[in-house]
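The values are calculated or read from the model by the stated rules, or taken from the named source; none is laboratory data. Please read all numbers here as calculations on a predicted model, not as lab measurements. All Cβ positions, glycine included, derive from the backbone under ideal geometry; neighbour counts span all protein chains shown. The area values use the complete protein model at the heavy-atom level, side chains included, leaving out ligands, DNA and RNA. Shrake-Rupley method; radii C 1.70, N 1.55, O 1.52, S 1.80 Å.
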Amino acid sequence: MDARSDPPNRWTVLAICCLSLFVVGLDTTVVNVGLPAIGAGLHVGTRGLEWTVDAYTLVLASLLISSGALADRIGRRRVFRLGLVVFGAASVACALAPNAGVLIAARAVQGIGGSMLSPVALAIVVNVMTEPKERARAIGIWAAVFGVSMAAGPLVGGALVSAFGWRSLFWINLPVIAVALVLTALHLPESRAERPRRLDGPGQLLLTVVVACSVAVLIEGPHIGWGSPAAILGYVLVVAAAGAFVRVEARRAEPLVDPRLFRRPPFAAAVVGAVVVFIALSATLLLNTLYLQQARGTSPLAAGLVTLPMALAATVCAPVSGVLVGRFGPRPPLLLAGAFITAGGLCLVGIGDDTDVRLLSLAYLLVGTGFGFANAPITNVAVSALPPERAGVAGGITSTARQVGSALGIALAGSVIADAAPAQLAEASRPGWLLVAGCGVVVLLATLAASPRTEDRRPPFRRTPADEPAPRPARPARHAPR
């Protein structure tokens, strides 16, 4: 970290970074509740609405690791500030979009800016919070903010859409970004890796192809046919790009994602957990929005209020999860997360047009509780698996897993209810709730399959030369007095 006249206040730095994380997380879900209004205002159907959400998450997922590596190389504070500016400019473009095409393109640019915020902010926090237990508590707070932003998105979005229309979903970002820019200039320290790693262009390109093609096939599959030539071409591209990515990364001295990381069962379980937890969350939010507003005719604000228990549960459980991670490791909170998500999904597998709102709220409470317990252990395991000078990459890995899960959740839930009339939405969404419950089961199985020795925090591979700290310059020899 660059030296400064005064050492930064660690908790002030955490607060600034959490502010940026709140914007990124909120924008992932706040748009969901406004989808019906966007569709009516821009005359776009369900498929276009899916891309309005996934254009953001797809680009965000594709660039998170590279943005973290770039920040480790040229300076985390510099990349963080650039991300705020890009995100703010794209938010203006979204608010002024005259049609769906412009909105989707602007959402993609938002994803570029967002990729410079989440992993970079986490890297800044990791480099400021050096004591393990303090870091675990900080990550618990971090996870709480992220959980609040994601789970509160429908409530905030519903209030904004009801009062000011769907364009306010994007205008609301500007004052938050302005405050973050001012605080960053005043309080955020600059830091970078002492010996930065090279950027991995081939790895980044292949990762983008894998993520983009996977999501595109899931979104377009119900419309073009799962056995159509275009779909088969998509399958081939995904498999070929994934195989090439693993092969290229295994041969590079400084890969974007080192495949050897996944030989450590706790790390692999955390990444799998990140993907499936966010599949469950995104599917829950999309199914809730379309079911309540289109099948039951509730207002955007009322639809958001139903998910309030989710936001409250995530807020309360995330800090508790951070404490559990600090004392017992990531295994207990991950088991709790899997159990609660499974229970939440099972509550709604028989959903109908007149399902009691109290049952809906209970289901969202359970899913929110599981979501709150999941984030801290997932993040802590990834951060502990890499040396501090690669904190940007560590944050990028878990952030990528989360956003891939978000994109897949939207795509899978959207494919389940594709072309369903409002009267059939409840019945059509039942497989989606089985998907949510299944995600909880996967978290449980992945955690149980991982090594219980969670206290072993050593990296699963030797440091590369780029990870080693720069040698100190030799002191000049002193001559003996004559």
Taking GLY75 and the conditions (1) surrounded by fewer than 20 Cβ atoms within 10 Å (Cβ to Cβ); (2) under 17 Å from VAL109 (Cα atoms), which numbered condition does it fall short on, given that it satisfies the others? (2)
One residue from ARG81, ARG77 being modelled with pLDDT of 80 or more, touching a Ser or Thr at 6+ places or on another chain (Cβ under 6 Å) and over 23 Å from ALA311 (Cα atoms): ARG81
Is there a residue being assigned to a loop (DSSP other than H, G, I, E, B), in contact with a Gly (Cβ under 7 Å, 6 or more places away or on another chain) and buried (at least 16 other Cβ atoms within 10 Å of the Cβ) anywhere in the range 192-207? yes
Boolean, GLY234 is touching a helix residue (DSSP H, G or I) at 6+ places or on another chain (Cβ under 9 Å) and in a helix (DSSP H, G or I): yes
Considering (1) closer than 30 Å to LEU49 by Cβ; (2) open to solvent by less than 70 Å² (accessible area, probe 1.4 Å); (3) assigned to a helix (DSSP H, G or I); (4) modelled with pLDDT of 75 or more, say which one GLY227 fails and leave the rest. (3)
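Check the range 11-24 and report whether any residue there is at pLDDT below 75, under 17 Å from the mean Cα position of the chain (by Cα) and among the β-branched types (Val, Ile, Thr).
no
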Of all the residues that make up the range 9-38, how many are open to solvent by 10 Å² or more (accessible area, probe 1.4 Å) and farther than 26 Å from ASN375 by Cα? 2
Within the range 329-342, is even one residue assigned to a loop (DSSP other than H, G, I, E, B), in contact (Cβ under 8 Å) with a residue 12 or more places away in the chain, farther than 15 Å from THR447 by Cα and open to solvent by less than 20 Å² (accessible area, probe 1.4 Å)? no
If I filter the range 346-356 for residues that are open to solvent by less than 10 Å² (accessible area, probe 1.4 Å) and either at pLDDT below 75 or assigned to a helix (DSSP H, G or I) (or both), do I get at least one hit? no
Taking LEU286 as the residue in question, decide whether it is in a helix (DSSP H, G or I), more than 18 Å from the chain's Cα centre (by Cα) and not basic (Lys, Arg). no
In the set ALA108, ALA97, the lone residue that is closer than 26 Å to ASP419 by Cα, of a type in the set (Gly, Ala, Ser) and open to solvent by less than 10 Å² (accessible area, probe 1.4 Å) is ALA97
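Yes/no per residue for (1) at pLDDT 85 or above; (2) open to solvent by 40 Å² or more (accessible area, probe 1.4 Å); (3) not charged (D, E, K, R):
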residue: VAL211; (1), (2), (3): no, no, yes
residue: VAL217; (1), (2), (3): no, no, yes
residue: PRO222; (1), (2), (3): no, yes, yes
residue: VAL238; (1), (2), (3): yes, no, yes
residue: ARG252; (1), (2), (3): no, yes, no
residue: ALA268; (1), (2), (3): no, no, yes
residue: VAL271; (1), (2), (3): no, no, yes
residue: VAL277; (1), (2), (3): yes, no, yes
residue: LEU285; (1), (2), (3): no, no, yes
Search the range 71-96 for residues being free of Cβ contacts under 8 Å to residues at least 60 places away in the same chain and small (Gly, Ala, Ser), and hand back the single one that is farthest from ARG167 (Cα to Cα). ALA89
Looking only at the range 39-64, and only at residues there that are part of a loop (DSSP other than H, G, I, E, B) and out of contact with any Ser or Thr (no Cβ under 9 Å at 6 or more places or on another chain), the one that is most open to solvent (accessible area, probe 1.4 Å): HIS43
Within the range 122-133, is even one residue under 29 Å from HIS187 (Cα atoms), of a type in the set (D, E, K, R) and either in contact with a His (Cβ under 7 Å, 6 or more places away or on another chain) or open to solvent by 10 Å² or more (accessible area, probe 1.4 Å) (or both)? yes
Scan the range 417-442 for residues that are modelled with pLDDT under 85 and under 21 Å from the mean Cα position of the chain (by Cα) and report the count. 0
